[in-house]
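Engineer: Quick one: this structure, given as structure tokens, is what I'll be asking you about.
The values are calculated or read from the model by the stated rules, or taken from the named source; none is laboratory data. A quick note: this is a predicted structure, and the numbers were derived from the prediction, not measured. Cβ coordinates were reconstructed from backbone atoms using ideal geometry, including for glycine residues, and neighbour counts include every protein chain displayed.
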Amino acid sequence: MQNFSQNTALIPGVKSSIAIASGKGGVGKSTVAVNIAATLVKEGFKTGLIDADIYGPSIPAMLGLKNEKPKITQIQNKNRLLPVVKYGLKLMSIGFLVDQGEAVVWRGPMAASALKQFMSDVQWDELDYLLFDMPPGTGDIQLTLTQTIPLTGAVIVTTPQDISIIDARKGAKMFEKVNVSVLGIVENMSYYSNPDGSKEYIFGRGGGEKLASELGVTFLGEIAINTNIRLGGDEGKPIVLRNPDSSEALQFTQISRNLTEEIKEKSEEKPKIPVIEI
Ligand SMILES: Nc1ncnc2c1ncn2[C@@H]1O[C@H](COP(=O)(O)OP(=O)(O)O)[C@@H](O)[C@H]1O
Ligand SMILES: [Mg+2]
């Protein structure tokens, strides 16, 4: 599989790297990132997850990791950080390394340099997929981080609400600006299922799908609002592992499969060779 963005070369040994992004915070980006990552592990892929949300790392808590420190090892006389492993998933987060209060005051270049170290100084070994849980927003810091990471593509998470869609569109444009392809849109908190099976479209309906067609990218799927998703995050066990047979877990599974399919198709796209008629 090759890197089809015009960004710099991928981390050695990493076949595909994917940013999970949004415009707005609180739309479920980290929830989507951990559940896709856990699904990829379940499906047999070697998977890593980098918490690139330097200012608000939530991956350690969402995976039940407290006071966890990555180990240091010596490889060819160089100090290398070993990723923390949970549920078979390789992880790195600023939350493992510095106090929450410390990173909050960092400026963009410092955040970018921390992220660079996650790529250069961490012993990832062979990975099929490396996911990045991106910080929200589309300002200078996000743009710098986006340019720092060699990416195969980006997934944009949104809720169906107009305000979230507007910000998601800005997020997608930011990736376009740095020549990273948008692999697709995930709509989170799409509806609430009533006990009688009817659906309540709390934040409106169809916004994610509309945005995908407007941008000409794939709609990867929707996820319902569900207490077990929130509990999975709070208790440190993603719903795809906690309630693997739930309809929400199946929605995440479908989204992961659509994503890997999208990456496969994109990597197989051959540059078109013009046919010359003689
Ligand atoms: N589909 C969902 N159903 C219920 N709660 C959700 C859902 N998606 C996210 N949440 C909860 O909403 C909060 C914000 O989600 P999070 O993934 O941290 O968002 P972001 O990373 O975009 O800021 C978390 O408490 C999370 O558990
Ligand atoms: Mg987050």
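Engineer: Filter segment 213-245 down to the residues that are surrounded by fewer than 20 Cβ atoms within 10 Å (Cβ to Cβ) and among the aliphatic types (A, V, I, L, M), then identify the one that is farthest from Lys199 (Cα to Cα).
Structural biologist: Across segment 213-245, the extreme among qualifying residues is Leu215.
Engineer: Right, next: Looking at segment 211-242 only, could you name the residues that are part of a helix (DSSP H, G or I) and charged (D, E, K, R)?
Structural biologist: Of everything in segment 211-242, those that are part of a helix (DSSP H, G or I) and charged (D, E, K, R) turn out to be Glu214, Arg230, Asp234, Glu235, Arg242.
Engineer: Tell me, which residue of segment 27-47 that is β-branched (Val, Ile, Thr) and within 13 Å of ligand 2 (Cβ to nearest atom) is surrounded by the most Cβ atoms within 10 Å (Cβ to Cβ)?
Structural biologist: Restricting to residues being β-branched (Val, Ile, Thr) and within 13 Å of ligand 2 (Cβ to nearest atom), the top hit is Val34.
Engineer: How many residues does segment 83-105 contain that are out of contact with any Ser or Thr (no Cβ under 9 Å at 6 or more places or on another chain), in contact (Cβ under 8 Å) with a residue 40 or more places away in the chain and surrounded by 13 or more Cβ atoms within 10 Å (Cβ to Cβ)?
Structural biologist: Looking only at that region, the number is 6.
Engineer: Any chance segment 73-82 includes a residue that's within 30 Å of Leu250 (Cα to Cα), in contact (Cβ under 8 Å) with a residue 12 or more places away in the chain and not β-branched (Val, Ile, Thr)?
Structural biologist: no
Engineer: What are the residues in segment 122-158 that are of a type in the set (Phe, Trp, Tyr) and over 12 Å from the mean Cα position of the chain (by Cα), if any?
Structural biologist: Trp124
Engineer: With (1) at pLDDT below 95; (2) part of a loop (DSSP other than H, G, I, E, B); (3) within 15 Å of ligand 1 (Cβ to nearest atom); (4) at negative phi as the list, and Gly26 as the residue in question, which single condition is left unmet?
Structural biologist: Result: Gly26 fails condition (4) only.
Engineer: Exactly one condition in (1) of a type in the set (Gly, Ala, Ser); (2) over 18 Å from the mean Cα position of the chain (by Cα); (3) surrounded by 15 or more Cβ atoms within 10 Å (Cβ to Cβ) is false for Ala111; which is it?
Structural biologist: Evaluating Ala111 over (1) of a type in the set (Gly, Ala, Ser); (2) over 18 Å from the mean Cα position of the chain (by Cα); (3) surrounded by 15 or more Cβ atoms within 10 Å (Cβ to Cβ) leaves (2) as the failure.
Engineer: While we're here: Restricting attention to segment 122-140, does a residue exist that is at pLDDT below 85, surrounded by 16 or more Cβ atoms within 10 Å (Cβ to Cβ) and not in a loop (DSSP other than H, G, I, E, B)? Steps first, please.
Structural biologist: Pass one, segment 122-140, residues at pLDDT below 85: 139-140.
With surrounded by 16 or more Cβ atoms within 10 Å (Cβ to Cβ) added as a condition, the list becomes none.
No, segment 122-140 has no match at all.
Engineer: Continuing with this model, one more query. Check whether at least one residue in segment 219-242 is in contact with a Leu (Cβ under 9 Å, 6 or more places away or on another chain), more than 25 Å from Pro135 (Cα to Cα) and at pLDDT 95 or above, and report yes or no.
Structural biologist: yes
Engineer: Could you list, in sequence order, the residues of segment 224-238 that are within 16 Å of ligand 2 (Cβ to nearest atom) and in contact with a Gly (Cβ under 7 Å, 6 or more places away or on another chain)?
Structural biologist: Gly236, Pro238, listed by residue number.
Engineer: If I go through segment 48-80 residue by residue, how many of them are buried (at least 24 other Cβ atoms within 10 Å of the Cβ) and assigned to a strand (DSSP E or B)?
Structural biologist: Total meeting the criteria: 4.
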